[in-house]
Amino acid sequence: MSSIIRHVVDVGQFDRDATLDLFAAADRLRDLPRGSDLLRGYLLATIFYEPSTRTRLSFESAMQRLGGGVISTENAREFSSAIKGETVEDTIRIVGGYADAIVLRHHEQGAAHRAASVARVPILNAGDGPGEHPTQALLDLYTIRHELGRIDGLRVALVGDLRYGRTARSLARLFKLSRGGELIFVSPAQTPMGEDIRAELDAAGVAWREEPDLARVLPGVDVVYQTRVQKERFATLADYEAAKGVYIIDRTAMNRLNPGAIVLHPLPRVDEITVEVDADPRAAYFRQAENGVYIRMALLCHVLGVKA
Ligand code: CP
């Protein structure tokens, strides 16, 4: 990779060369035979203050598939000393003495930056509240390239909760690396894409537009990136109820979608993609989740300074 990224906290750290180098490493690692010892002797700590299935387990799988070890606290708000009042900074200082890299998911936006500011080992941001989810965005763009063979000249619809959905925010920012494409924001009125991301895209010269009518968007896009409405981030249940269920990818939607397009979702899903869609070859979200292992293998090798 062109330059070493020590802490992975923000997709803005990744330029085009670094990202394509990472994708090349992930391509090599996905074909690695079982029993690799590339990271033998290294230990990864996963500290999750919010629930997770994919991010935590795929990081742990990545580390163990490369021969490294894992220590973990999966409900750190309750089962770590956070419940006794320990700050995330102190926790990171301590765990930095136990492990060679730390994967952190936290409920507060900016927590990964705070952790990185005191860490003596690499921090990998696994999601900080409604802020960023950089490793997810990297695996999303990797999946687009793996499925469609390119990252340029693509029309990508980001659908659903674009206000609180950190994966959509991070992917929109990473899309600055793509050339000649367009982002289309399809969201309920309550959860539009943030002004900060719109301004960043404008400054980078990325084409984007809003289109509330999903049916009009589907025939003309290469990628539909559907997202869950983030119930846990709404102030009231009534606000959540007003935003949910507006956009559903079902068989009717798939019939409108371009035959060469793909459907992605960071998962978990609730009801925004119906299960009948799963059998469609354009439904790429389970393949996308598996790609998380390969991208995270590549990221671990990178931050630990091991050539993949
Ligand atoms: N996509 C994602 O972040 O999933 P988890 O919450 O299961 O980690």
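The values are calculated or read from the model by the stated rules, or taken from the named source; none is laboratory data. Since we're looking at a predicted model, the values are computed, not measured. Note that we place each Cβ from the backbone using ideal geometry, even for glycine, and neighbour counts take in every protein chain shown. Each accessible area value is taken on the protein alone, full model and side chains, heavy atoms only, with ligands, DNA and RNA left out. Shrake-Rupley method; radii C 1.70, N 1.55, O 1.52, S 1.80 Å.
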Legend entry - Phi to ³J(HN,Hα) by Karplus 6.51 cos²θ - 1.76 cosθ + 1.60 over region 96-113, Hz, x for Gly, Pro: x, x, 9, 9, 8, 7, 10, 9, 10, 10, 9, 7, 9, 4, x, 4, 5, 5
Legend entry - Inter-centroid distance (Cα atoms) of region 158-175 relative to region 28-94, Å: 25
Inset, instruction - For region 15-120, state which trypsin sites (Lys or Arg not before Pro) are in a DSSP loop and have at most 12 other beta carbons lying within 10 Å of their beta carbon. - result: Arg34, Arg40, Arg120
Inset, instruction - Go through region 182-199 residue by residue and turn each phi into a ³J(HN,Hα) via Karplus (6.51, -1.76, 1.60, θ = phi - 60°); whole Hz please, and just put x for glycine and proline. - result: 8, 9, 10, 9, 10, 9, x, 4, 6, 9, x, 4, x, 4, 4, 6, 4, 5
Inset, instruction - Positive end of the charge dipole of region 134-289 (Lys, Arg +1 and Asp, Glu -1 on Cβ, about the Cα centre): tell me which of Thr167, Gln288, Val221 has its Cα farthest that way. - result: Gln288
Inset, instruction - Quick one: which residues, 5+ away or cross-chain, put their amide H under 5 Å from the amide H of Arg155? H built at 1.01 Å from N. - result: Glu182, Asp222, Val223
Legend entry - Label-to-label distance, nm, for residues given as Asp15 and Val275 (7 Å Cα→Cβ offset): 4.8
Legend entry - Whole-number accessible area per residue in Å² for region 14-84, which is evaluated in the context of all protein chains at 1.4 Å: 51
Inset, instruction - Show which aspartates and glutamates lie in cross-link reach of Lys231 when reach means a straight Cα distance below 12 angstrom and same-chain residues fewer than eight apart are skipped. - result: Asp161, Asp239, Glu241
Legend entry - For region 1-141, projected area of the alpha-carbon convex hull averaged over all directions, nm²: 8.3
Inset, instruction - May I ask for the angle, rounded to the nearest 10°, between helix 134-148 and the longest principal axis of the chain, with both axes built from Cα atoms and the value confined to 0 to 90°? - result: 50
Inset, instruction - Multiply the residue separation of Glu211 and His113 by 0.36 nm, subtract the distance between their alpha-carbon atoms, and state the gained length in nm to one decimal. - result: 31.9 nm
Legend entry - Environment charge at Val11 (Cβ cut-off 11 Å; Lys +1, Arg +1, Asp -1, Glu -1): -1
Inset, instruction - For the chain, set up a Gaussian network in which alpha carbons nearer than 10 Å are linked by springs, and say which option among Val156, Val229, Val217 fluctuates the most. - result: Val217
Inset, instruction - Any chance you could run the full-extension gain for Arg155 through Ala203? It's 0.36 nm times the residue separation minus the Cα-Cα distance, nm to one decimal. - result: 15.4 nm
Legend entry - Equivalent-ellipsoid semi-axes of region 134-289, from the Cα gyration tensor, Å, largest first: 21, 20, 14
Legend entry - Separation in nanometres of the label points that stand 7 Å from Cα toward Cβ, at Arg77 and Val306: 3.3
Legend entry - Pairwise Cα inverse-distance average, inverted: Kirkwood Rh of the chain (Å): 19.7
Inset, instruction - On a 0 to 90° scale, report how tilted helix 285-304 is relative to the longest principal axis of the chain, with both axes built from alpha carbons and the result rounded to the nearest 10. - result: 30
Legend entry - Rounded accessible area per residue of region 134-289, 1.4 Å, Å²: 40
Inset, instruction - List the residues whose amide H sits under 5 Å from the amide H of Val70, counting only those 5 or more places along or on another chain, with H placed 1.01 Å from N in the peptide plane. - result: Leu44
Inset, instruction - With a 1.4 Å probe and every protein chain kept in, tell me what percent of the accessible surface of region 134-289 is carbon plus sulfur. - result: 50
Legend entry - Percent of Cα pairs exceeding the 19 Å cut-off, where the set is region 10-89: 55
Inset, instruction - Report the equivalent ellipsoid semi-axes for region 82-127 in whole Å, largest first, defined as the square roots of five times the eigenvalues of the gyration tensor built from alpha carbon atoms. - result: 15, 13, 9
Legend entry - Sum of -39500 (n - 2.57) over DSSP H runs of 4+, divided by residues of the chain (222 nm, nearest 500): -11000 deg cm²/dmol
Inset, instruction - Per residue of region 76-92, in order, report the coupling 6.51 cos²θ - 1.76 cosθ + 1.60 (Karplus, θ = phi - 60°) as ³J(HN,Hα) in whole Hz, putting x for Gly and Pro. - result: 5, 5, 9, 9, 9, 6, 4, 5, 8, x, 5, 7, 5, 4, 5, 4, 5
